[in-house]
1. Among the listed residues LEU68, LEU56, which satisfies the condition of being modelled with pLDDT of 90 or more, out of contact with any strand residue (DSSP E or B) (no Cβ under 7 Å at 6 or more places or on another chain) and either of a type in the set (A, V, I, L, M) or in a loop (DSSP other than H, G, I, E, B) (or both)?
2. Could you grab the pairs with beta carbons closer than 7 Å, sequence gap of 6+ or different chains, first residue in segment 6-31 and more than 16 Å from LEU54 (Cβ to Cβ), second one not in a helix (DSSP H, G or I)?
3. Against the definition (surrounded by 15 or more Cβ atoms within 10 Å (Cβ to Cβ), modelled with pLDDT of 90 or more and either of a type in the set (Val, Ile, Thr) or in a loop (DSSP other than H, G, I, E, B) (or both)), how does ILE7 come out, yes or no?
4. State all residues of segment 50-68 that are free of Cβ contacts under 8 Å to residues at least 24 places away in the same chain and not basic (Lys, Arg); if no residue qualifies, say none.
Amino acid sequence: MKTLHRIIGVLMLVGGFAGALACIWALVDPSIMSPTSLGAFEAPSPRWRAAFGLVLSIALLLFGSGKLRHRELP
């Protein structure tokens, strides 16, 4: 079980790092994100979507590294 937990943590680290890199790139060059429409609602700008993705990617990275996990219960 500990091995599975460690594998999932490493996958979350890799995914968070890749997502953070992609979102930083999208913040610098927002033309890489395609504009989306949600029907009656106006979609936020690509920079806002990239910033939100960056926050979620950093949270995923921190959770995978163990910084956002709760303590182990006995």
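1. On the way: LEU68 fails: modelled with pLDDT of 90 or more.
Every option except LEU56 fails the conditions.
2. If the second residue must be not in a helix (DSSP H, G or I), the pairs left are GLY9/GLY66.
3. Working: surrounded by 15 or more Cβ atoms within 10 Å (Cβ to Cβ): no; modelled with pLDDT of 90 or more: yes; either of a type in the set (Val, Ile, Thr) or in a loop (DSSP other than H, G, I, E, B) (or both): yes.
Against the criterion (surrounded by 15 or more Cβ atoms within 10 Å (Cβ to Cβ), modelled with pLDDT of 90 or more and either of a type in the set (Val, Ile, Thr) or in a loop (DSSP other than H, G, I, E, B) (or both)), ILE7 does not qualify.
4. So in segment 50-68, the residues free of Cβ contacts under 8 Å to residues at least 24 places away in the same chain come out as 52, 55, 67-68.
Matches in segment 50-68: PHE52, VAL55, LEU68.
The values are calculated or read from the model by the stated rules, or taken from the named source; none is laboratory data. As the structure is a prediction and not an experimental result, all values here were calculated from the model. Cβ: placed from backbone, ideal geometry, glycine included. Neighbour counts: every protein chain shown.
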